[in-house]
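To start, the structure itself, in structure tokens.
Where a number appears in this text, it was derived from the coordinates with a stated rule and is not lab data. Since this is a predicted model, take the numbers as computed values, not measurements. Ideal geometry is used to build each Cβ from the backbone, glycine not excepted, and the neighbour counts take in all protein chains shown.
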Amino acid sequence: MPEFFVKNLVDVDVDELLSSESTAVGLDVGDKTVGMAVADRRIKIAGGITTVARTGIIEKDCELIRRHLEPYKIGLVIFGWPVQMNGIPGEQCEKVLKFVTKLSARLPANYAEWDERFSSSAVDDVMIQANLSRRKRKKFIDKTAAVYILQGALDFLNRTSGG
């Protein structure tokens, strides 16, 4: 298996994904949960899949994620890149990179990061405006954050590819 590397999103070819009938997935990797989202067949719209509770054993967590994503032909995995407010990667970025590196051994695809600095707060704001209770917000925040991350990346990809 080739060595894992993170692809620059500007180098992702949407037409290649479309011609191979592959899709993109988005991951919001946290310490306690992983939210997952998937793009439609046209690689334009993100939709939520689920949120998986972390077990504390990274290999087991990666296997759980792989099983949830098994029904999809995945060509690209977009993962939230939790840089600090000053834009510098910190400890949480190291944890996410460790996770996606392990995941790539079980889920071969191209991997690219997407700045997720405001994803959870933006999603939480929308849920508050929708009058969802704190309990309901907590239940959906990670999956919805994955949708937000993936949709931002898809919008970028389609703008830069002329799609």
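Could you give the dipole magnitude of the chain about its Cα centre, charging the beta-carbon of Lys and Arg +1 and that of Asp and Glu -1, in debye to the nearest 20? Each step should come with its number before you reach the end.
On the way: 23 positive and 22 negative charges, 168 e Å.
The dipole magnitude comes to about 800 debye.
Number of Lys pairs in the range 9-161 with C-alpha atoms less than 20 angstrom apart, excluding same-chain neighbours closer than eight positions?
Lysine pairs meeting the criterion: 17.
Loop-only GluC sites (Glu not before Pro) in the range 18-108, please: DSSP not H, G, I, E or B, and at most 13 other Cβ atoms within 10 Å.
Values: sites: 21, 59, 63, 91, 94; in loops: 21.
In loop regions of the range 18-108 (DSSP not H, G, I, E or B), the sparsely surrounded GluC sites (Glu not before Pro) are 21.
Assuming 1.002 mPa s and 20 °C, estimate D for the range 9-161 with Stokes-Einstein, Rh taken as the Kirkwood radius over Cα pairs, in µm²/s. If you can, show how the numbers build up before the last one.
Working: Rh = 15.5 Å.
The diffusion coefficient I find is 138 µm²/s.
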